[in-house]
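Where a number appears in this text, it was derived from the coordinates with a stated rule and is not lab data. Keep in mind that what you see is a predicted model, and the values were worked out from it rather than measured. In this analysis, Cβ positions are derived from the backbone assuming ideal geometry, glycine residues included, and neighbour counts consider all displayed protein chains.
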Amino acid sequence: MGKSKQVGNHKNDKRKNIAKTWKTKRRTKDLDQIHADMKPEVAAKLLHQEVDYDVTGCAQNYCLHCARYFVDMKSLKDHFKTKVHKKRLKQLREEPYTQAEAERAAGMGSYIPPKVVVVQTQPIEEDMN
């Protein structure tokens, strides 16, 4: 008696590509999107959000540079000391690409090196209640 041929293990599984699903689930904001969030008017809105019970920590403890919410102020402070946060600050020091820079790279102008942006960890405002 021979081995039976098994065809189509997951026929009823509606998701086509499981690996792609997991990659997009963990996707964070790109560096140019974070640079846009670091503008003072946008940053003020993100750091002082209304209470939202659907978001971690009720949207009160947000790391602007990493685009992450934290449960409480202590975990946010601990995050500021981690390698991940410091690495992100280092990545954000370089100015994001623009269309003009892309055209210069394609040979439509002379090269201008990217500017260095000063990025520091956001100030922490603790409640004195």
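By other beta-carbon atoms within 10 Å, ranking Glu50, Glu103 with the fewest at the front produces Glu50, Glu103.
Residue-wise HN-Hα couplings along segment 101-108, as the Karplus relation 6.51 cos²θ - 1.76 cosθ + 1.60 with θ = phi - 60° gives them from phi, are 5, 5, 5, 5, 5, 7, x, 9 Hz; Gly and Pro carry x.
List His79, His48 from most exposed to least, where exposure is judged by having the fewest other Cβ atoms within 10 Å. Let's see the in-between values first.
Working: His79 17, His48 11.
Ranking His79, His48 by Cβ neighbours within 10 Å, fewest first, gives His48, His79.
Taking loop as defined by DSSP and a crowding limit of 11 other beta carbons within 10 Å, which trypsin sites (Lys or Arg not before Pro) in segment 31-81 fit? All intermediate terms of the calculation are to be shown ahead of the outcome.
Working: sites: Lys45, Arg68, Lys74, Lys77, Lys81; in loops: Lys81.
Counting only loop positions with at most 11 other Cβ atoms within 10 Å, the trypsin sites (Lys or Arg not before Pro) in segment 31-81 are Lys81.
Scanning residues 5 or more positions from Glu94 or on other chains, those with amide H under 5 Å from its amide H are Val117, with H placed 1.01 Å from N in the peptide plane. Suppose R0 equals 41 Å. What FRET efficiency, 1/(1 + (r/R0)^6) with r the Cβ-Cβ distance, do Lys81 and Glu103 give to the nearest 0.05? For R0 = 41 Å, the calculated efficiency reads 0.50.
For segment 26-105, the pair-distance distribution built from all alpha carbon pairs, in bins 5 Å wide starting at 0, is 3, 14, 21, 23, 20, 9, 5, 3, 2, 0 percent.
Under the simplified labelling scheme, the Ala44-Thr28 pair shows an inter-label distance of 2.7 nm, with each label point 7 Å from Cα along Cα→Cβ.
With respect to the cross-link table entries Lys39/Lys86; Lys23/Lys115; Lys29/Lys87; Lys23/Lys45; Lys20/Lys45; Lys29/Lys86, which display a Cα-Cα separation exceeding 23 Å?
Working: Lys39/Lys86 20 Å; Lys23/Lys115 31 Å; Lys29/Lys87 15 Å; Lys23/Lys45 28 Å; Lys20/Lys45 32 Å; Lys29/Lys86 16 Å.
As for pairs spanning more than 23 Å Cα to Cα, those are Lys23/Lys115; Lys23/Lys45; Lys20/Lys45.
Model label points for Val51 and Lys74, set 7 angstrom from Cα along the Cα-to-Cβ axis, are 2.1 nm apart.
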